[in-house]
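Quick note: the coordinates plus some simple rules give every number you see, no bench work behind them. Note that this is a predicted model, so its numbers are computed, not measured. Cβ coordinates were reconstructed from backbone atoms using ideal geometry, including for glycine residues, and neighbour counts include every protein chain displayed.
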Amino acid sequence: MTTTSLAQPTPSSRFDVWYWLRRLARNYILRRILMALAKIFVVVTLTFFIVRLMPTNPIEAYINELIDQYGFTYQEARDQAAALYGIDLEASLWEQYLEYMKNLVQGDLGTSYRSKGTPVAKMIGKFLPWTLFSVGVSLLISFTFGMLLGMIMAYRRGSVLDHALTTVASIFSSIPNYLVGMMILVFLGVQWKIFPITKMRGAMSPGVKPEFSWTFIKDIFYHATMPILTYVLTTIGGWMLAMKSNTINTLGEDYVTVAKARGLNEGRIITAYVGRNASLPLFTQLAISIGFIVGGSALIEFIFVYQGVGQLLLNSINYRDYPVMQGVFLVITIAVILANFLAEFVYGWLDPRIRVQ
Amino acid sequence: MSSFWQSLRRTFRLLTYNKIGFIGLLGVVFFILLSFVGPYVVPLDTQTKVDKIYQPPSSEFWLGTDSEGRDIFSQIVHGGKDVLVVAFLAGFISTTIAVLLGSLSALAGGWVDNAIMALADIVLTIPQFPLLAVLAGLVKFNNVTLLAFILGVLSWPALTRAIRAQVLSLREREFVEAARALDLGTKHIILREILPNMMSYIAINLIFAMTGAIYAQVGLVFLGLVPFSGSNWGVMLSLAWTRGAIFYKGSLWYIMSPVAAIALFQLSLVSFTRLLEEIFNPRLRTSV
C-alpha cells in the first residue's frame, strides 16, 4: 500500500515570505543596520529615563527654582519647563516619551537652560565638528602609522628597533591619556618651552575666518596639534602591538610560504598577501577604539581648552544645563554607534568570508 | 624545614621568571604598602607654611611642597588609599559579574546567550566616560563604595565576552568530556575543571578592570565631578590644575607627583599581568 502526500505548492507559484525573510536575516549588512538602529533606540530610551528617574529630577529642580527664585506660579513654572525640555508635562510618561521621540526625529533636542533660547541642536552643531576633526585625524594617523610600524616590527623581530618600539608602545598605552596630555603641557609647554601653549589653546585663533583657505586650514591644525599628539601617542601603541602579532601569525601561514616559493616580488607579498590578511582583525578593534576615543575626548578637550563636544558636555554638567547634557550625551552615543556601524561595514566589505555566512 | 626553604626558592624563581613582570609586581607591592601602611608611618602635613611655597625636593620635603607649603610626599602617601580601594572594588565587582554572566552565557546557550550578548553589546557601545560624567552630574558620588559599584557595573561587558569565549572553548576539551563521562557532576566540572583553567584569564582581566577603574575615577575627580575631599591623587591633580600649577615653572613637583604616581601604578599593574600570564600557564614556562 502506498501513501501519497498532498502536493506542495512549488516555490515559484507563491511568494514565500519566510524564504526571503530568512535570506534577509542572513545578510550581514542588514543585520548590522538593524542592530545599529536597535542600539540607538535603546540609548534614546535610556537617556529619556535617566533624566526623569534620577533622584535629582532636573525638571522638578528647575520648576522649584523658578518658583523660589523668580516667583513663578506652579503652572507657569511647569509651562516654562515643558517649553525648555520640549515635552508636555501634563501628559503621561508614555505620551511624554512619544513626544520626545517625535521631537528627536525632527531634530529638536530642546533649548538650553543656561543660554536661554539657544536650541541645543545648534550648540551641538557648533562644537561637534571640532571633536570629529581632532578625533578623526588622530585615528587616521594612529591607525595607519600603527599598522606600518607594527609590520616593520614584525619583519625586524628581535632587533633593537623592535624592543625599543615595544617598550615605548607599552608605556604610552598604559598611561591614561589625560595624564599624557598634562605631561605634554607641563614638559613641552612650560618647562622646555617647545610649544607656545597659550597661543595654541582653543580650536581657532581669533580673527581667522572659517572658510576653505590655506590660512584657516593651517590654523586649525596648529590648534589641534596638542590634542592630536595626545590621542596619537596613547593609541598608536595598541595598533602597533596588535599589528605586530597579527603579522607574525600571518607570516607563518602556508600561502605566504607558497608565494615566496613562487618567487613573487617581496613588495607584493608584503602588501597583497601579508598586509591585507594581517590588518583585517584590526578593523574590528577600530570600532571599539572609536568609542573609547570619543568618550575620552571630554578630558583631553578640557585640558587643552579645545572647543569640542566633550567640553560642551562638561560645561553643561557643571552648570546643570540639563537639556544640553541630555542632547550632547545622546549625540555622542549615536555618533559612536554610527562609527561602529561604519567600521563593521568596512570590515564586511573587506572580508568576503563574512558576507557568505 | 629544608622543604620550606626549597618551596620558597621555587616560588621566588617562579616570580622572577619574567623580569618585567617581576618589576611590575614589586611596583604594585610598593604602592600597596605606600598607600595602606604609609599613612601610619608618615603623618599628613596639613600645616600651611607660606614661606615654603613650591619648594623643590630637599631632605626635609622629599618631593617638595605644594601651593600652601605642605609636604607633597605625605600627600602622595595618604592619597593612594582611595584610588586603590575603588580600583580593587570596581575590578572585583566587574570581574565577578563578568565570570557569572560569561559562564552562564556559554554554558546555557540559546536565547540566554543571545540576550546576554546583546545586553553586553549595548552597554559596550555607550561611551563609558560621558555616561559617568552625566551620572555624576545627577547623582552625588560622595562615597567610595558607590563609585566603585557604578564603575564595576559599567565595565563588565568587555570581560564577559572574553570569559564566554574561553568557557566555550574549554567546554569542548577532552578533560571536560572525560569528567562528564565519569559522571562527576556539574559542580565538579565547573569548579575543578573549567575554573582553574580560566584563572589566568580572570586574574588578567581583573587587573585590566582595575586600570580602567583608575582611569575613570581619577578623570571624574580631576574634573571636579565627584566631591571627594582629602588628598587622594585625583584631588591633588584637580587642585594643582585649579591653582594654575601647570603654568608655573616652580610647581613642577606638585603637578607631576600625582601624575607620576598614577602612571607608575598603572604601568606596574600592566607589567604584572605579564608575570601572571606565565605563572598561570605552565605551558609557557620551560623550567620550574
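Taking the Kirkwood radius as Rh and the Cα radius of gyration as Rg, the stretch B:1-71 has a ratio of Rg/Rh equal to 1.27.
Projected label points at A:Trp349 and A:Trp18, each 7 Å from Cα along the beta carbon direction, are separated by 3.6 nanometres.
As an exercise, find the ratio Rg/Rh for the stretch A:156-308 from alpha-carbon atoms, using the Kirkwood inverse-distance average for Rh.
Working: Rg = 20.1 Å, Rh = 18.3 Å.
Reported Rg/Rh (Cα atoms, Kirkwood Rh): 1.10.
Under a point-charge model restricted to the Cβ atoms of Lys and Arg (+1) and Asp and Glu (-1), what is the dipole moment magnitude of chain A relative to its Cα centre, in debye to the nearest 20? Roughly 1420 debye for chain A. Rounded, prolate or oblate: which one fits the stretch B:103-180, using the alpha carbon gyration tensor with axes a ≥ b ≥ c (rounded when a/c is under 1.5, else prolate when a/b beats b/c, else oblate)? Prolate, because a/c is 1.5 or more and a/b exceeds b/c.
Per-residue Karplus couplings for the stretch B:86-99, computed as 6.51 cos²θ - 1.76 cosθ + 1.60 with θ equal to phi - 60°, are listed in order as 4, 4, 4, 4, 4, x, 5, 4, 4, 5, 4, 4, 5, 5 Hz, Gly and Pro entered as x. Expressed in units of 2.2 N^0.38 Å, where N is the residue count, the Cα radius of gyration of chain B is 1.20.
Loop-resident GluC sites (Glu not before Pro) (DSSP state other than H, G, I, E or B) in the stretch B:133-234 with no more than 16 further Cβ atoms inside 10 Å of their Cβ: B:Glu172.
Run the dipole for the stretch A:119-261 about the Cα centre, Lys and Arg Cβ at +1, Asp and Glu Cβ at -1, nothing else charged, and hand back the magnitude in debye, nearest 20. With only Lys, Arg, Asp and Glu charged at Cβ, the dipole is about 420 debye. Ordering B:Phe36, B:Ile202, A:Met101 by the projection of their Cα atoms onto the charge dipole of the protein assembly as shown, which places +1 on the Cβ of Lys and Arg and -1 on the Cβ of Asp and Glu, puts B:Ile202 at the extreme positive end. Between B:Thr96 and A:Asn318, the FRET efficiency from the beta-carbon distance, with R0 = 45 Å, is close to 0.85.
Note the full-extension length gain between B:Glu177 and B:Ala108 as 0.36 nm times their separation in residues minus their Cα-Cα distance, in nm to one decimal.
Values: separation 69, 0.36 × 69 = 24.84 nm, distance 1.66 nm.
Computed gain between B:Glu177 and B:Ala108 is 23.2 nm.
List the residues whose amide H sits under 5 Å from the amide H of B:Lys49, counting only those 5 or more places along or on another chain, with H placed 1.01 Å from N in the peptide plane. When sequence neighbours closer than 5 places are left aside, the close amide H contacts are B:Gly69, B:Arg70.
With charges set only on the Cβ (+1 for Lys and Arg, -1 for Asp and Glu), what does the dipole of the stretch A:196-300 come to about its Cα centre, in debye to the nearest 20?
Working: 9 positive and 5 negative charges, 37 e Å.
Charge dipole of the stretch A:196-300: 180 debye, to the nearest 20.
Using only helices, what value at 222 nm comes out for chain B when you add -39,500 (n - 2.57) per DSSP H run of length 4 or more and divide by the total residues, to the nearest 500 deg cm²/dmol?
On the way: 12 runs with 202 residues, N = 288.
Calculated at 222 nm, the ellipticity per residue is -23500 deg cm²/dmol.
Using R₀ = 35 Å, calculate the FRET efficiency as 1/(1 + (r/R₀)^6) where r is the Cβ-Cβ separation of B:Val41 and B:Met199; round to 0.05. Given R0 = 35 Å and the Cβ-Cβ separation, E is 0.55. Note on A:317-329: average number of Cβ atoms from other chains within 10 Å of each residue's Cβ is 3. First check a/c for the stretch B:114-273, with a ≥ b ≥ c the square roots of the eigenvalues of its C-alpha gyration tensor; if it is under 1.5, answer rounded, and if not, answer prolate when a/b is larger than b/c or oblate otherwise. In terms of gyration-tensor shape, prolate. Each of B:Ala148, B:Phe272, B:Gly219 was scored by the projection of its Cα onto the charge dipole of the stretch B:134-287, and the greatest displacement toward the positive side belongs to B:Gly219; charges sit on the C-beta of Lys, Arg, Asp and Glu.
Stretching the chain fully between B:Val50 and B:Leu264 yields a gain of 74.0 nm (0.36 nm per residue, less the alpha carbon separation). For chain A, the convex hull drawn through the C-alpha positions has a volume of 277 cubic angstrom per residue.
When the Cα atoms of the stretch B:55-145 are aligned to their principal axes, the ranges along those axes come out at 65, 28, 20 Å in descending order. Inter-chain neighbour count for B:207-215: the average number of beta-carbon atoms from partner chains within 10 Å of each residue's beta-carbon is 1.
Highest mean packing first, where packing is the average number of other Cβ atoms within 10 Å per residue, the peptides B:241-248, A:253-260, A:298-305, A:75-82 line up as A:298-305, A:75-82, B:241-248, A:253-260.
Secondary-structure-derived ellipticity at 222 nm for chain A, considering helices only, amounts to -24000 deg cm²/dmol, per-run term -39500 (n - 2.57) for DSSP H runs with n ≥ 4.
Any chance you could give the angle, 0 to 90 degrees and rounded to 10, that helix B:2-15 forms with the longest Cα principal axis of chain B? Here the helix axis deviates by roughly 80 degrees. Electrostatic tally near A:Val336: other residues with Cβ closer than 13 Å to its Cβ, Lys and Arg +1, Asp and Glu -1, net -1. Helix B:252-280 against the longest principal axis of chain B: what's the angle in degrees, Cα atoms only, rounded to the nearest 10? Approximately 20 degrees, to the nearest 10. Would you please classify the overall shape of the protein assembly as shown from the alpha carbon gyration tensor, given that a ≥ b ≥ c denote the square roots of the eigenvalues, rounded means a/c under 1.5, and beyond that prolate means a/b larger than b/c while oblate covers the rest? Judged from the Cα gyration tensor, the protein assembly as shown comes out rounded (a/c under 1.5).
Shielding of A:167-180 by partners, i.e. mean partner chain Cβ atoms within 10 Å per residue?
Working: counts 1, 0, 0, 5, 5, 0, 2, 10, 10, 12, 2, 7, 12, 2.
So the per-residue partner count for this stretch is 5.
Which value does Rg/Rh take for the stretch A:138-238 over its C-alpha atoms, Rh per Kirkwood? If you can, show how the numbers build up before the last one.
Working: Rg = 16.3 Å, Rh = 15.3 Å.
Ratio of gyration radius to Kirkwood radius: 1.07.
Screening chain A for whole DSSP H helices with an alpha carbon extent of at least 15 angstrom along the helix axis and a mean Kyte-Doolittle hydropathy of at least 1.0 yields A:28-53, A:120-155, A:160-174, A:276-304, A:322-350. Checking the table B:Lys140/B:Lys249; A:Lys116/A:Lys218; B:Lys81/B:Lys140 against a 32 Å threshold on Cα-Cα, which pairs fail? With Cα atoms farther than 32 Å apart: B:Lys140/B:Lys249; A:Lys116/A:Lys218. The modelled label-to-label distance between A:Val168 and A:Ile141, using points 7 Å beyond Cα along the C-beta direction, is 1.4 nm.
Compared with the alpha-carbon gap, the fully stretched path from A:Ile288 to A:Asn265 is longer by 4.8 nm at 0.36 nm per residue. Compute the angle between helix B:156-171 and the longest alpha-carbon principal axis of chain B, please, reported from 0 to 90 degrees and rounded to the nearest 10. Roughly 30 degrees, rounded to the nearest 10.
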